[in-house]
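Following: one structure in structure tokens, then a few remarks.
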Amino acid sequence: MTILRLPPWLLVGGLLLLRLPACVEKGKVESAKPPTTFSMLRGPISMCGPADQQFGTVDFQVSGSKTIQADFALAVALLHSFEYDEAEKVFARIIDRAPDCAMAYWGVAMCSYHPLWAPPTPAELAKGAQAVALAQRQPQQSAREAAYIGAVAAFYRDYQHLDHRTRTQRFEQAMAQVAARFPTDPEAAIFYALALDAAADPADKSFRKQRKAGAILEGLQPQMPRHPGIVHYLIHTYDYPELAALALPAARQYASVAPSSAHAQHMPSHIFTRLGLWDECIASNLAAASSARCYAENAGLRGHWDEELHAVDYLTYSYLQQGDNRRARQQVSYLASMREVSPMTFKVAYAFAAVPARYALENKQWAAAARLRPQRANLDWARFPWQRAITHFARALGHARLGQPDSARREVGQLRALRAALLAEKDAYKAQQVHVQLLAAEGWLLLAEHRPAEARQRLEQAAALEDQTAKHPVTPGEVLPAREQLADLLLQLDDPAAALAAYEADLQQHPNRFNGLYGAAVAAERSGDLAKAQDYYQRLTEVAHATGAGRPEVGAARAFLAKRHSLLT
């Protein structure tokens, strides 16, 4: 339910402080319709969940009739939960009824931006820029409305010539000015926090902008506990190993704040994954996948909605960390059965590449990894070099671990080419992600070539580089963490003490990872630290408590614990 209230900053002694110009409905004044070339999504809202469509409580006053106010608040609530298509439908409904409502065009422009997802496509940039131009053309705007429109205009200005990151930083700077100019407007502060998160440097381990955004959002939350943007953006703000615990209260609240949003069902699992809370992560993504299937049906989509595949990736990852191969395999098979997905986004390509690779690599099924092929569906892999690299990375590891250096070398060459392609596209972040995979693959190739010292050096480089690079929000975790791979190599090179240190360092970043716990236990046992081995084996059995946890490592852990118990009693 979306609740509207007149904010206190508009009232003095019960009287209206300022008169807002009116975005009135058609038929009350003459008003030009938007040009017919301006295409917007239209139609009924397609969402699943409670019958009264609950998206949280938003109070965002703009000029217009009571009916327009209610629609505008609904659209902004949807926008805060990244339900961009549905939000655009509501903004379009406002424009159809009140074509001079400048802030409705602002809303369309914001729907085309999606700050924390992939950069807008050329078509989205063109639509957003046109929406901004139409917003600025409307003669009646309050100073506050003009400030919001000016901020999003800063993002779209010169989009044909300026890169995405530069324009994202301009939006951050513009929203900072809006928030400073209207300090009693909580929406300005909330959108400024979002802009800070979008503009944050993934390599900045001080998390300067994220901490600033977190302070803003935490300051607002006590007065607005059911605002969807506050709890949602707190999760994004703290979606880092070092900060994740700060977002746990928001993660456990967001799904109930906006139960009709599929994204609100999924998003808490980002924090559950960061903290190794696999049961909560699974529950979150089962709900998200169900909601996404319902949405696809209600919206009349052909096949599956992209949000469902996002949930499948997180489910597969979580089941694997519980050692539950049976349920993980079900997700792999389900994904392979999909023939049609809409829309075909970067997260769809990521899921198609990552899910089967995770299953093979986590289970050390090297032959299966070496045989991996990109899953097709209706997917143009040429558009997604970063995602394609996942398959070549898995194949490289598979061939190297099988002692097939020639084949591994070919896959390493593919990784080099894909990294070069990303650098040519000026996508430094994804190029660095592929560089980590390239270094790791080279390390295992060197080992297959009987060059262990060089192999160790290369995997140390991979781990150091990955430490400097935050994971992308699309993924529950790296396909195979580089420092865990380094620990595996050290164990294989019979250096258990160094391996234990590497496993423990990785578990700080990836708590309760199945292979990390088992590797640490084995390394501690081989190092002679039986008390520490017992602790890690015990933790493994607690994490792998699911009925389907039939991996042999769990049996080995229980055997060690039983033997240890008998010796101590």
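The values are calculated or read from the model by the stated rules, or taken from the named source; none is laboratory data. What you are looking at is a predicted structure, and each value in this text was computed from that prediction instead of being measured. Positions of Cβ are generated from backbone atoms using ideal geometry, with glycine treated the same way; all protein chains shown enter the neighbour counts.
Some observations on this one:
- Residue within segment 97-119 that is over 17 Å from Leu79 (Cα atoms), of a type outside the set (A, V, I, L, M), in a helix (DSSP H, G or I) and in contact with an Asp or Glu (Cβ under 9 Å, 6 or more places away or on another chain) present: yes
- Considering each residue of segment 501-522 in turn, at least one proves to be among the basic types (Lys, Arg), buried (at least 19 other Cβ atoms within 10 Å of the Cβ) and under 30 Å from Gln210 (Cβ atoms).
- Of all residues making up segment 477-497, the number that are under 17 Å from Arg451 (Cβ atoms) and hydrophobic (A, V, I, L, M, F, W, C): 4
- Some residue of segment 445-459 being within 31 Å of the chain's Cα centre (by Cα) and small (Gly, Ala, Ser): no
- Verdict on Gln141 being in a helix (DSSP H, G or I) and over 26 Å from Lys209 (Cβ atoms): no
- Scanning segment 363-375 turns up at least one residue that is surrounded by 24 or more Cβ atoms within 10 Å (Cβ to Cβ) and not β-branched (Val, Ile, Thr).
- Residue within segment 327-339 that is surrounded by fewer than 21 Cβ atoms within 10 Å (Cβ to Cβ), of a type outside the set (S, T, N, Q) and not in a helix (DSSP H, G or I) present: yes
- Looking across Pro21, Pro99, Pro34, one residue alone is closer than 21 Å to Gly128 by Cβ, modelled with pLDDT under 50 and surrounded by 15 or more Cβ atoms within 10 Å (Cβ to Cβ). It is Pro34.
- Test: residue in segment 164-179 that is touching a residue at least 60 places away in the same chain (Cβ under 8 Å), in the same structural domain as Glu124 (by TED's automatic domain parsing) and closer than 28 Å to Asp96 by Cβ: no
- Condition check for Pro356: free of Cβ contacts under 8 Å to residues at least 40 places away in the same chain, of a type outside the set (D, E, K, R) and buried (at least 18 other Cβ atoms within 10 Å of the Cβ): yes
- One residue from Ile282, Ile271 being among the β-branched types (Val, Ile, Thr) and surrounded by fewer than 24 Cβ atoms within 10 Å (Cβ to Cβ): Ile282
- Considering segment 104-155, the residues that are charged (D, E, K, R) and more than 25 Å from the chain's Cα centre (by Cα) include one that is surrounded by the fewest Cβ atoms within 10 Å (Cβ to Cβ), namely Arg137.
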